[in-house]
Amino acid sequence: MPAQPALRDYLLTRRSVGIGFLQEPGPGAEELETLLKIATRVPDHGKIAPWRLVVYQADARREVGERLATIAAKRNPGMDAAGLEIERGRFLPAPLTIGVISAPQDHPKVPEFEQLLSAGNVAFNLLHGAHALGYGASWVTRWYAFDAEAAAMLGARDGERFAGFVHIGTPSAVIEDRPRPALEDVVTYWHSGAIG
Ligand SMILES: Cc1cc2nc3c(=O)[nH]c(=O)nc-3n(C[C@H](O)[C@H](O)[C@H](O)COP(=O)(O)O)c2cc1C
């Protein structure tokens, strides 16, 4: 397999673009299909595809926002107009959001933990795919990933949960990188049973 210096450089500098900085234009229909192909090309023990994707685009983003605001108001009856407006805009301004659902299956050899990791890979590959096509992207969960009614409204079925939502669009600003962990803090080398 030949070395791919451009890919190496991309991986060494890759970073998310915050959801507030994602604007039009977003991927077109052909690019979306490419993105979905990249997203679903992930390690998957047992080849069971224990995940699903939900696409939110165009008018669906506003409709989702309205429904989130309704559920948020039920959870927090004192929510003011500004709070409701935040909920309405959850899937804005990014032109495209893709929800990644972990859909674990009973399997004799593949524990649920491994199936969850595979779903995480789908979300991360969406980031890579978006960047490969020249877009910015961000992977978030937020309250509605964990609220059963909201998650169902967003497309989760019984026994499923959201690994997150990947918001995709054209960056409106150059985003500074965030601090990265020092390797010595997160890497150990195993020597004859001792780590250090
Ligand atoms: C599963 C998961 C859920 C996340 N949820 C949120 C969130 O709800 N809100 C948020 O601000 N960041 C969230 N983040 C972090 C963002 O993705 C953050 O922008 C990211 O860590 C930036 O790192 P990067 O530049 O290496 O991509 C989440 C990350 C992961 C992996």
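The values are calculated or read from the model by the stated rules, or taken from the named source; none is laboratory data. Quick caveat, the model's predicted, so the values are computed rather than measured. Note: ideal-geometry Cβ built from the backbone for every residue, glycine included; neighbour counts use all protein chains shown. In case anyone asks, the SASA skips ligands and DNA or RNA and just uses the protein heavy atoms, side chains included. Shrake-Rupley method; radii C 1.70, N 1.55, O 1.52, S 1.80 Å.
The residues in the range 150-178 that are within 23 Å of residue 134 (Cα to Cα) and either touching a Gly at 6+ places or on another chain (Cβ under 9 Å) or not β-branched (Val, Ile, Thr) (or both) can be counted, and the count is 14. Of the residues 13, 40, 70, 34, which is within 16 Å of the ligand (Cβ to nearest atom) and β-branched (Val, Ile, Thr)? One residue alone meets the criteria, 13. The requirement of being open to solvent by 20 Å² or more (accessible area, probe 1.4 Å) and either within 14 Å of the ligand (Cβ to nearest atom) or under 21 Å from residue 69 (Cβ atoms) (or both) is satisfied by residue 128.
Here 114, 176 are screened, and the one residue that is within 14 Å of the ligand (Cβ to nearest atom) and open to solvent by 40 Å² or more (accessible area, probe 1.4 Å) is 176. Would you please name the residue that is modelled with the lowest pLDDT, looking only at residues in the range 156-172 that are more than 20 Å from residue 117 (Cα to Cα) and more than 13 Å from the ligand (Cβ to nearest atom)? Only one residue tops the list, namely 172. Within the range 130-152, residues that are more than 27 Å from residue 28 (Cβ to Cβ) have Cβ atoms under 8 Å from residues that are among the hydroxyl-bearing types (Ser, Thr, Tyr) in these pairs: 150/144; 151/144, counting only partners at least 6 apart in sequence or on another chain. Listed by position, the helices (runs of 4 or more DSSP H) inside the range 1-107 whose residues that are of a type in the set (Gly, Ala, Ser) and surrounded by 12 or more Cβ atoms within 10 Å (Cβ to Cβ) number at least 1 are 29-39, 60-75, 81-88. The one condition from (1) in contact with a helix residue (DSSP H, G or I) (Cβ under 7 Å, 6 or more places away or on another chain); (2) within 16 Å of the ligand (Cβ to nearest atom) that residue 20 does not meet is (1). On the basis of being polar (S, T, N, Q) and over 24 Å from residue 137 (Cα atoms), does residue 70 make the cut? It is true that residue 70 is polar (S, T, N, Q) and over 24 Å from residue 137 (Cα atoms).
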